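Peer 1: The structure follows.
The values are calculated or read from the model by the stated rules, or taken from the named source; none is laboratory data. Bear in mind that the values here come from a model prediction, so they are computed numbers and not experimental data. Positions of Cβ are backbone-derived with ideal geometry, glycine not excepted, and every protein chain shown enters the neighbour counts. To get the accessible areas, we keep the full protein, side chains included, count just its heavy atoms, and leave off ligands, DNA and RNA. Shrake-Rupley method; radii C 1.70, N 1.55, O 1.52, S 1.80 Å.
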Amino acid sequence: LDGRDGFTNSNGLVADQINTTGAGSELLTNGDFGATTGWTEVGCALTNPSSQGKITNDGGINGRIHRTFSTTTGKTLRLQYDLIATDSTSVAMYISTNNSTSGMVISSANDNTIGTKKTLYTTATADTLYVLIYAVGADTKFVTVDNVSVKEMGTGGGAMINMTASDFTGDVPR
């Protein structure tokens, strides 16, 4: 920037953009657990108290829920979730090419830090993928998660508007 537009020469900021989030539409249905429809339970029971997903192991260890979502191979994906509560060892979250960890694309480390938003990034390896959420622990142990979200990244972020090539002529970063 050359200072003619009211910005100083030292900051190099271009703020004339649209859709700067870079995240596309939500790819996962019922990630807010307003309903449990579409989630498959394996070795656990899924309930939704306070519209949050409570996964309670029943009859074994490391119960899980999973569901599919559609994406585009090669796209960057952002997986986010909130860990609300646990009496389990931890929660583990996966994106996989099938309904088990054998097709794992990415996983969260086993985690038990309550009250924090977790974020993972990966590249889609197929057009249909699975989200798996494990309650890592013994029978009757549980985890509660909320706001499970999968979005494609880089979908329109930073599109320039109201700019011409002459706005950048002679400008170099410092």
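Peer 1: Tell me, what % of the accessible area of the stretch 34-141 is carbon and sulfur with a 1.4 angstrom probe?
Peer 2: It is 47 percent, rounded to a whole number.
Peer 1: Determine which lysines satisfy two conditions relative to LYS151: a Cα distance under 23 Å, and not lying fewer than 8 residues away in the same chain.
Peer 2: List returned: LYS54, LYS75, LYS117, LYS118.
Peer 1: Modelled label-to-label distance, GLU41 and MET104, 7 Å Cα→beta-carbon offset: nm?
Peer 2: 2.5
Peer 1: If you take the square roots of the eigenvalues of the alpha-carbon gyration tensor of the stretch 27-122 and sort them as a ≥ b ≥ c, do you get rounded (a/c under 1.5), prolate (a/b over b/c) or oblate?
Peer 2: Rounded, because the longest to shortest axis ratio a/c is under 1.5.
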